[in-house]
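K.L.:
One structure follows; several queries about it will come next.
The values are calculated or read from the model by the stated rules, or taken from the named source; none is laboratory data. Here the structure is a predicted model, which means the values were calculated and not measured. Here the Cβ positions follow ideal geometry from the backbone for every residue, glycine too, while neighbour counts run over all protein chains shown. Surface accessibility is based on the protein's heavy atoms, side chains included, excluding ligands, DNA and RNA. Shrake-Rupley method; radii C 1.70, N 1.55, O 1.52, S 1.80 Å.
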Amino acid sequence: MIVLIDNGHGENTPGKCSPDKRLREYKKAREIARRLVNTLLSNGVEAHLLVPEETDVPLAERCKRANKYCDKYGAKNVLLVSIHHNAAGADGQWKSAGGWCVYTSPGQTSADLLATDLWNAAEECLKDYIGSFDAHKAKGDYDSKQKPMRADWSDKDPDYEARFYILLHTKCAAVLTENLFQDNKADVDYLLSEEGVRSIVQLHYKGITDYIKHTKA
Ligand SMILES: [Zn+2]
């Protein structure tokens, strides 16, 4: 299995940062993506960064790069995870939404299995984040509707479905993870901690390697 890790946006993408500018999505996503690729490689999994550049590479070009691997090795021997951070608004204000979630394209494909493995791994690896969520809620960091593990169970699995370009135009199993909210203060604090980054890298490593085991079985 060849693992392709995409990181959202580029340093030239406007917006896409925390209101206090401590976190920029392109930068944090790259930090996580690079650490994840290194973790996969050091454990014997073939992994590649889809966008090693710091600048934004157009989605069509990203898909072209991914599909080159699919054509060479067979689409079922390739998987893609695109790493992002969520946002509840674009007005530069702190918001009250938080939590982790994963997206697939509409319908049932192998991406749904990958997404479920990632979701289960997130539930395990984000235990510290999940465990402190209610205390943060009590402080008003999250509104009462928020959950640390965001899910859409309407089609019986936890992923959300969306017609994101990178999910629709890649031939392999492809998912997009939204790793907490860049406009929530408590989420940003967690993302800026070493523990937070390590947990998010670990959940991706576990979800991906579980999926590889499941597809081999
Ligand atoms: Zn994004």
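K.L.:
What are the residue pairs meeting all of these: first residue in region 5-18, first residue under 21 Å from ASN38 (Cβ atoms), second residue among the small types (Gly, Ala, Ser) and away from the ligand (no atom under 11 Å from the Cβ), Cβ atoms under 6 Å, and 6 or more apart or on different chains?
P.N.:
Partner pairs satisfying both residue conditions: ILE5/ALA33; ASN7/ALA33.
K.L.:
Still on this structure, please answer the following. Within the set of pairs 6 or more residues apart or between chains, which connect a residue that is farther than 14 Å from ASN12 by Cα and in a helix (DSSP H, G or I) inside region 23-36 to a residue that is more than 12 Å from the ligand (Cβ to nearest atom) and of a type in the set (Phe, Trp, Tyr) with Cβ atoms less than 9 Å apart?
P.N.:
These pairs meet every condition: LEU36/TYR205.
K.L.:
So ALA217 ticks every box in (1) touching a residue at least 24 places away in the same chain (Cβ under 8 Å); (2) surrounded by fewer than 16 Cβ atoms within 10 Å (Cβ to Cβ); (3) more than 17 Å from ALA88 (Cα to Cα) but one. Which box is left unticked?
P.N.:
Unmet condition: (1).
K.L.:
All but one of (1) more than 19 Å from ILE212 (Cα to Cα); (2) at pLDDT below 95 hold for THR109; which doesn't?
P.N.:
(1)
K.L.:
Look through GLU54, GLU25 and report the one residue that is within 16 Å of the ligand (Cβ to nearest atom) and either open to solvent by 10 Å² or more (accessible area, probe 1.4 Å) or among the aliphatic types (A, V, I, L, M) (or both).
P.N.:
Working: GLU25 fails: either open to solvent by 10 Å² or more (accessible area, probe 1.4 Å) or among the aliphatic types (A, V, I, L, M) (or both).
None of the other options fit; the residue is GLU54.
K.L.:
For a quick check of your reading of the model, give me the residue pairs whose first member lies in region 186-205 and is in a helix (DSSP H, G or I) and modelled with pLDDT of 95 or more, whose second is surrounded by 22 or more Cβ atoms within 10 Å (Cβ to Cβ) and among the basic types (Lys, Arg), with beta-carbon atoms closer than 9 Å and at least 6 apart or on different chains.
P.N.:
Going by the 9 Å Cβ cut-off, the qualifying pairs are LEU191/LYS28; VAL197/LYS28.
K.L.:
What number of residues within region 180-204 satisfy the criterion of being over 15 Å from the mean Cα position of the chain (by Cα), over 24 Å from ASN38 (Cα atoms) and either open to solvent by less than 60 Å² (accessible area, probe 1.4 Å) or within 16 Å of the ligand (Cβ to nearest atom) (or both)?
P.N.:
The qualifying residues number 3.
K.L.:
Consider region 28-42. How many of its residues are open to solvent by 20 Å² or more (accessible area, probe 1.4 Å) and away from the ligand (no atom under 16 Å from the Cβ)?
P.N.:
6
K.L.:
Being modelled with pLDDT of 95 or more, among the small types (Gly, Ala, Ser) and touching a Lys or Arg at 6+ places or on another chain (Cβ under 6 Å), is that true of even one residue in region 70-87?
P.N.:
Among the residues of region 70-87, at least one is modelled with pLDDT of 95 or more, among the small types (Gly, Ala, Ser) and touching a Lys or Arg at 6+ places or on another chain (Cβ under 6 Å), which makes the answer yes.
K.L.:
Could you please let me know if THR177 is within 17 Å of the chain's Cα centre (by Cα), among the hydroxyl-bearing types (Ser, Thr, Tyr) and in a loop (DSSP other than H, G, I, E, B)? Quick ask: steps written out before the conclusion?
P.N.:
Values: within 17 Å of the chain's Cα centre (by Cα): yes; among the hydroxyl-bearing types (Ser, Thr, Tyr): yes; in a loop (DSSP other than H, G, I, E, B): no.
No, not satisfied.
K.L.:
Here's another thing I want to ask about it. Of everything in region 3-21 that's surrounded by 14 or more Cβ atoms within 10 Å (Cβ to Cβ) and over 21 Å from PHE164 (Cα atoms), which residue is farthest from the ligand (Cβ to nearest atom)? Don't jump to the end; show me each part of the working.
P.N.:
Going through region 3-21, the residues surrounded by 14 or more Cβ atoms within 10 Å (Cβ to Cβ) turn out to be 3-10, 13, 16-19.
Subsequent filtering for residues that are over 21 Å from PHE164 (Cα atoms) retains 18-19.
Working: SER18: 13, PRO19: 16 Å.
By that ranking, first place goes to PRO19.
K.L.:
If you don't mind, another one. When you look at ALA66, is it surrounded by fewer than 20 Cβ atoms within 10 Å (Cβ to Cβ), within 16 Å of ILE166 (Cα to Cα) and either under 16 Å from the mean Cα position of the chain (by Cα) or away from the ligand (no atom under 16 Å from the Cβ) (or both), yes or no? Working first, answer last.
P.N.:
Numbers: surrounded by fewer than 20 Cβ atoms within 10 Å (Cβ to Cβ): no; within 16 Å of ILE166 (Cα to Cα): yes; either under 16 Å from the mean Cα position of the chain (by Cα) or away from the ligand (no atom under 16 Å from the Cβ) (or both): yes.
Spelling it out, it is not the case that ALA66 is surrounded by fewer than 20 Cβ atoms within 10 Å (Cβ to Cβ), within 16 Å of ILE166 (Cα to Cα) and either under 16 Å from the mean Cα position of the chain (by Cα) or away from the ligand (no atom under 16 Å from the Cβ) (or both).
K.L.:
With a cut-off of at least 2 residues that are in contact (Cβ under 8 Å) with a residue 60 or more places away in the chain and under 30 Å from ASP56 (Cα atoms), name the helices (runs of 4 or more DSSP H) lying wholly within region 80-160. Before the answer, list the steps.
P.N.:
On the way: elements: 110-125, 127-131, 133-138.
By residue number, 110-125.
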